[in-house]
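Single-structure report; data block below.
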2 protein chains.
Amino acid sequence: MLTQVQAAPGAGLDAFFQARSIAVVGASDDITKIGGRPVQLLRKYGYAGAIYPINPKGGSIQGLQAYASVLDTPAAPELAILAVPADATLQAVRDCAERGVHGVIVLSAGFGEAGPEGVALQGELVRVARNHGMRLLGPNCLGAVNVVDKLVGSFSIALEQSMPPAGQVGIVSQSGNIGSFTMRNMADRGLGLSRFIATGNEADVDVADGIAALAEDDATRIILCCMETCRHAGRLTEALDMARRRRKPVIVLKIGATEQGQAAAASHTGALTGSDAVFDAVFRRHGVLRVRSFEELLDVGHAAVLLSDGRLPTTDAVTLVAASGGFGIMMADAMVEAGMTLPQLAETTKALIREAVPTAGTNNPVDASAQMSARPDILLKMLTALQEDANGSTLVLLLALSLYNPRLRGVYLEALAKIRASHPDRLLVIISQGPPDAVAEINALGIPVFPGIPAAAKGLAGLVRLGQLAALPAAPAYQGPVDAVDPAVFRNEFHAKKALAAAGISVPREEIVDSAEQAVRAAQATGYPVVLKIASEDIAHKTEIGGVALNLQDDAAVREAYDRLMANAAKNAPKARLDGVLVAPMVRGGVELIAGVSRDPVFGPVVMVGLGGIYAEILKDVAVQVAPVSEDEALRMLRSLKMFPLLDGARGQARADVAAAARTVARLSEFACRHAADVAEIDMNPILVRPEGEGVLVLDALMVPTSSSTPAH
Amino acid sequence: MLTQVQAAPGAGLDAFFQARSIAVVGASDDITKIGGRPVQLLRKYGYAGAIYPINPKGGSIQGLQAYASVLDTPAAPELAILAVPADATLQAVRDCAERGVHGVIVLSAGFGEAGPEGVALQGELVRVARNHGMRLLGPNCLGAVNVVDKLVGSFSIALEQSMPPAGQVGIVSQSGNIGSFTMRNMADRGLGLSRFIATGNEADVDVADGIAALAEDDATRIILCCMETCRHAGRLTEALDMARRRRKPVIVLKIGATEQGQAAAASHTGALTGSDAVFDAVFRRHGVLRVRSFEELLDVGHAAVLLSDGRLPTTDAVTLVAASGGFGIMMADAMVEAGMTLPQLAETTKALIREAVPTAGTNNPVDASAQMSARPDILLKMLTALQEDANGSTLVLLLALSLYNPRLRGVYLEALAKIRASHPDRLLVIISQGPPDAVAEINALGIPVFPGIPAAAKGLAGLVRLGQLAALPAAPAYQGPVDAVDPAVFRNEFHAKKALAAAGISVPREEIVDSAEQAVRAAQATGYPVVLKIASEDIAHKTEIGGVALNLQDDAAVREAYDRLMANAAKNAPKARLDGVLVAPMVRGGVELIAGVSRDPVFGPVVMVGLGGIYAEILKDVAVQVAPVSEDEALRMLRSLKMFPLLDGARGQARADVAAAARTVARLSEFACRHAADVAEIDMNPILVRPEGEGVLVLDALMVPTSSSTPAH
């Protein structure tokens, strides 16, 4: 049902946010009903456009003139909100299309999530909408809200008590509940919102549309996104790149991170979930900060908004200040665990701090003692010294419970207002519990207030990471040739390696032979010692059937090994089709890598690299990225491995040729893109990475065809 | 100053919690002053005993008769709270001692934390107190509070607005600020407190005393502890064991977990910090749950209190329920990451759920849809089915924002009250934001309400861990002989291994020789192949100076190797004193371990074990525990290694003799205890662990004497 042409991400979404007239189909006087709530909320919060309640009974609804059909309204509404039962929705969508409505929001459930009939009905909704150039949000969704213009196309419980303040945070969420929860929590922290969109079943409009629309919205400066699945990789990455070009940080809570969560996601939505590690890689590549909890989403989002006036941290350095040594230690622990660093202060700064607060300990964390809050001028003097220190770090001041004390509250607020005025470009964040109005006052100064130490640590680390991600170069899509692969590559490692060699990947000199005498001649040509291996497409694990002979030193050993291998194959794999025996040089010395390609259901060919042998298996120490990867990206993948020191000359060993390894991974990824139609999987295992300058050798390789590609014979 | 005899942990602390009369020395009419606040707080919250303000001016203070000295009060006060400057404190302590006061709280600063003079003064306070059998809390502390009896020996800001409700949580904290913060936050969650004690400089009363006093207090059922340092290992573990015997969970936030935090701790308090990993091990051994953040302390503590009626979870299984599939996935991700498991529901349970809520998805997490809260009876029917499922898991119900909606609030509260009444022994926790009064109502039912998903996951995982820790056997202290070691063990590996062999640890058959001919005879006796190694106490790294020859196959090779080793030693370590050359069998096959002993500044001899070679170094994959360790404990240490699968037959390899490895570690730890006075460090590296049933061999060993023990010659 999704194979029809889709619009570019974000195209036509203005209807959901900027409509000047709205029809509510299925409008009701009962404000506890889904059809009653949008009418009530549009009026309650002061939407300025026309509202047309649609109800077959006509008359008046919530004090407004109602119409029997969207075809009867005085003017064509730009947006229609549909709150009628599933079986009445298709006709309502047809009416909207006929009337020239630009967008419809289908709040009702009972479609794609409700069995085959629902799936068919949902497909029909999309067909009608697309045929008329109308965008469709939902069904089974919580709609859209433009907070600035009070346009409420939603029945979210988060709007029950109040409209969030207008501001810079845009929210896009597949799940309406999670989106609502985010909206409510940001508002509770006193942070303003721009737009909210919940995409539900994503029959037409999806998360990519939402991200793109927020990227293009001038009011939005930060995009918070909650997603479960991705239905179209290209649209998602295109939308993320739009946000990146407009320098709008995107923070994503992608749920379904564990196998159990993914299983739940699959049963919940029926969409493809994709590998979690691949999502990680895609987000990283496209400048997105992925967070692991709702709390982290809020904490990083909170700080990002308040510092989005150009003060986003460019360094992971923090200077920590508390009135209590114990709290200083807690902060130091949490910050270091989050990856931040604690530079020391300059001696001049230390002297100035002691001048202001003689009892202060001036290491970082600064143990400023209760004296720091004795008077506003003392505190200001200390803060000034800290903000002017040359280490350029972010200043983190912990207030614990102080804001509950009226005298201390006065001291802090006065000094904080002054330091912000005198040092508008410097970074200062507060960790404090306290009366909400005091916290709001500090936030209003442009100073983020975190509710706890881990929140501040994760929040700041997230901001630093956002900055680092923004600095990475964009990854261009694969632009090279696309063609068929020689089907022989699926037959045995000899042909697989030949194809890889043609793609610029180093493999050993090898021959396939059919007799012991040929094997001896090949071994002599190769140079001793050599290796013999059975070549057969039917034997994936050669060692297990006795199909490998290592370290053969002379003609006699080769002859004996040839016969033994053939006998083993006949005995242990009697039905296997044999292509002969491979003769290769015995290569030693270096570090073993493994690399491979697999096909992600969402993102297509994915390249993987890890340290070879038993350790990769036990430690799951591998890095993945969607193909193609550049050599620089491949190098970052290698460097991200826990066991990277093994390649980097740990314990006085020679440094391995990491550049050649990266080149090999990059070329493998290009090969995978070029032959994506034919090749489903590639394994290169082991890859011997030799000392720096000596390159790598792929000692074994295996390719698996896609189910659609022609078998090898 | 701490070398005087200390009382048993907790002895004499009643004075701080149950005094029937209190003198406040330095009392003031000004309630913003440290001397004014205890008088005010004792009166404000209704302390029932006598209050004697002490002030040289006499007269009346805050409406009470004041006295010039503690010597003038009508009766001897049981407790004195000192809020006079540091230089007046010693006289005040002397007066208290003379008057027969049982305990003094020194709130004032300016002692051990303030330089050498302060240290001396603090020592004098303790001397006077101990000479009179009087306990001293502080100085530089936030005192003690008995919440039940409204005895406030503190000026904590956490008591500014209200007294916490009386309850079962005891708090002991070195840092007054952190303790106050804990007290305030527990009270804000509606959880009652029993006692609070903040130990500050710990001149006399320390955290161990506090833990012991709370363990013995009938009102206290859970002990929350915030500590930075430990001044006396034995007292701490004794106090922890007291709590364990009384089945009172102890949850510790030990700060200074990172190097930076430890550095800050050292500068902050001057006490020994100890290795963080060793603290981990000690806490684990003594049944303590160590948490990593303040938030986790509160979350686990919160749940532990509400479930301490015997419902503490005995399984890591959870069944997750939410009205939104997305939230279900988030819960699944967080629970699995915290180590919990998600069993499936019985088919009968699934059928009952669908009967109640036809739209529900009945996998775990259960996607119960908005229908579950349509009516109280529907919700109750579903909850009943879930609570009666045979999987015995903890039920986690997520309400998100629902409690903000008056109708939903009614539905949930009615159904929750009924399910608690009908299933009082089953475990049910809620995740919800919501109006504080609604949350309090649910907590009051005995159902813990967590504010967020990670909080619930960490809270439940913490509870499960507490149960697991409580089930571990207590670790007896070392009871064996203590004697001097043969000083030769420090001279070379030959003697070190001989001593280890005498302690029951397997080492190869070895000889020390002085000539090439002796080497050949030794090699013949040993059996080829052999290894030759230089033996010298001055050469710790034999390989680096060319002092090792491996895999020697015959007499000629041994002869040549002997001469080469001697030549290398003469050239590369000309000043080294040589003991000869060691001849040992060349042993191969098996997995390499390393094990050792070092001396922790707080806990004494500590045994370490890890996988050998480059991986231990890169991955820091080691386990530590305070000596002695039993074989069972050693086995748990081995099993905790990331690379344990290497020993356990990963990838079809033979399983290694893990039992023998554990026995070796246990015997090493006993050796370390026996010779703790002489031996500072031991390294056994490598230890070859052979296939199951074939034992281990310690191939090399090194011992380092304590600085006080006699050198080897």
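For region B:10-141, the convex hull drawn through the C-alpha positions has a volume of 97 cubic angstrom per residue. Straight-line cross-link reach from residue B:381 at under 25 Å between alpha-carbon atoms covers these lysines, not counting any fewer than eight positions away in the same chain: A:33, B:350, B:418.
Computed 3J(HN,Hα) for region B:361-374, one whole-Hz value per residue from the Karplus formula 6.51 cos²θ - 1.76 cosθ + 1.60 where θ = phi - 60°, is x, 10, 6, 10, x, 7, 9, 7, 6, 4, 4, 4, 9, 5, glycine and proline marked x. Proximity of backbone amide H atoms, modeled 1.01 Å from N, is registered between residue A:680 and A:704, A:706 at under 5 Å, excluding neighbours fewer than 5 places apart on the same chain. Among all the lysines, which ones have a C-alpha under 18 Å from residue B:150's C-alpha, if same-chain residues fewer than 8 places away are not counted? Within the straight-line limit of under 18 Å, residue B:150 reaches these lysines: B:44. A P(r) calculated from all alpha carbon pairs of chain A, with 10 Å bins opening at zero, reads 3, 13, 18, 18, 16, 14, 10, 5, 2, 0, 0 percent.
Highest-first packing order for the peptide set B:466-472, A:682-688 is A:682-688, B:466-472, based on the mean count of other beta carbon atoms within 10 Å.
Spatial offset of region A:110-171 relative to region B:565-597 amounts to 75 Å, using the alpha carbon center of each. Position residue B:100: other-copy label points at 10.2 nm, ordered by increasing distance, label point 7 Å along Cα→C-beta.
For residue B:692, the point set 7 Å out from Cα toward Cβ sits 4.6 nm from its twins in the other copies, listed from shortest up. When the charge dipole of chain A is built from unit charges on Cβ atoms (+1 for Lys and Arg, -1 for Asp and Glu) and taken about the Cα centre, the candidate among A:114, A:320, A:281 whose Cα reaches farthest toward its positive end is A:320.
When you restrict to C-alpha pairs under 8 Å that are six or more residues apart and normalise by the size of region B:509-585, the relative contact order lands at 50 percent.
With only Lys, Arg, Asp and Glu charged, each at its Cβ (+1 for the first two, -1 for the last two), find how big the charge dipole of chain A is about the Cα centre; round to the nearest 20 debye. Spell out each step's value before the answer.
Details: 64 positive and 75 negative charges, 273 e Å.
Using Cβ point charges on Lys, Arg, Asp and Glu, chain A gives about 1300 debye.
For region A:318-471, the relative contact order comes to 24 percent (Cα pairs under 8 Å, sequence separation of at least 6). Charged side chains reduced to their Cβ positions (Lys and Arg at +1, Asp and Glu at -1) give region A:509-585 a dipole of some 160 debye around its Cα centre.
Average partner chain C-beta neighbours within 10 Å, per residue of A:645-655? Could the numbers behind the result be given before it?
Details: counts 4, 3, 0, 1, 0, 4, 4, 1, 1, 0, 0.
Mean partner shielding for this stretch: 2.
Each semi-axis of the equivalent ellipsoid for region B:76-158 is √(5λ) with λ an eigenvalue of the Cα gyration tensor; in descending order they amount to 20, 17, 9 Å.
Please compute the contact order of chain A in relative form: average sequence separation of alpha-carbon pairs under 8 Å and at least six residues apart, divided by the residue count, as a percent.
Relative contact order comes out at 8 percent.
Fraction of C-alpha pairs exceeding 49 angstrom in the protein assembly as shown: 46 percent, rounded to a whole number.
What the phi angles of region B:192-209 give under the Karplus curve with 6.51, -1.76 and 1.60, with θ = phi - 60°, is a coupling list of x, 10, 9, 9, 10, 9, 10, 9, x, 5, 6, 4, 10, 5, 10, 4, 4, 4 Hz, glycine and proline written as x. Amide H to amide H distances under 5 Å link residue B:319 with B:394, B:395, B:396, where only residues 5 or more positions off or on other chains count and H is placed in the peptide plane. Take each residue in A:332-344, count the other chain C-beta atoms within 10 Å of its C-beta, and the mean is 4. Counting only residues at least eight positions apart within a chain, or on another chain, the lysines with an alpha carbon under 30 Å from that of residue A:497 are A:533, A:542, A:571, A:575, A:620, A:642. This ranking places A:184, B:37, B:127 by how few other beta-carbon atoms lie within 10 Å of each, fewest first, which gives B:127, A:184, B:37. Backbone geometry of region B:574-586 corresponds, through the Karplus equation with coefficients 6.51, -1.76 and 1.60 at θ = phi - 60°, to 3J(HN,Hα) couplings of x, 8, 5, 7, 9, 9, x, 10, 8, 10, 9, x, 7 Hz, x marking Gly and Pro. Normalised Debye scattering of region A:55-210 at q = 0.16, 0.18, 0.20 Å⁻¹ gives log10 I(q)/I(0) of -0.91, -1.09, -1.24, counting only Cα atoms as equal scatterers and leaving out solvent. Equivalent-ellipsoid semi-axes for region B:509-585 (Cα gyration tensor, √(5λ), whole Å, largest first): 20, 11, 10.
What average number of partner chain Cβ atoms lie no more than 10 Å from the Cβ of the residues making up B:316-329? Kindly include the intermediate steps, with their values, before the conclusion.
Numbers: counts 0, 0, 0, 0, 2, 0, 1, 1, 7, 12, 18, 6, 7, 18.
Shielding by partners across B:316-329 averages 5.
Take the Cα of residue A:563, step 7 Å toward its Cβ, do the same at residue B:88, and the gap between the two points is 10.7 nm. Sorting the Cα pairs of region A:411-518 by distance into bins of 5 Å, from 0 upward, gives 2, 8, 11, 11, 9, 6, 5, 4, 5, 4, 5, 6, 7, 7, 4, 2, 1, 1, 0 percent per bin. Only helical runs count toward this figure. For chain A, summing -39,500 (n - 2.57) over DSSP H runs of n ≥ 4 and dividing by all residues gives -11500 deg cm²/dmol at 222 nm. For region B:156-271, the Cα-based Rg and Dmax, in that order, read 14.0, 39 Å. Distances between placed amide hydrogens fall under 5 Å for residue B:226 paired with B:172, B:173, B:174, B:253, all partners being 5 or more residues away or on another chain.
Positive end of the dipole of region B:390-445 (Cβ unit charges, origin at the Cα centre): among B:435, B:415, B:403, the Cα lying farthest that way belongs to B:415. Its Cα gyration tensor gives region A:312-464 an equivalent ellipsoid. The semi-axes, each the square root of 5 times an eigenvalue, are 20, 18, 15 Å from largest down. Considering only the Cα atoms of region A:420-465, their convex hull presents on average a projected area of 3.4 nm².
Each value in this text was obtained by applying a stated rule to the coordinates, not by laboratory testing. As the structure is a prediction and not an experimental result, all values here were calculated from the model. Cβ atoms come from the backbone with ideal geometry, glycine included; neighbour counts cover every protein chain shown.
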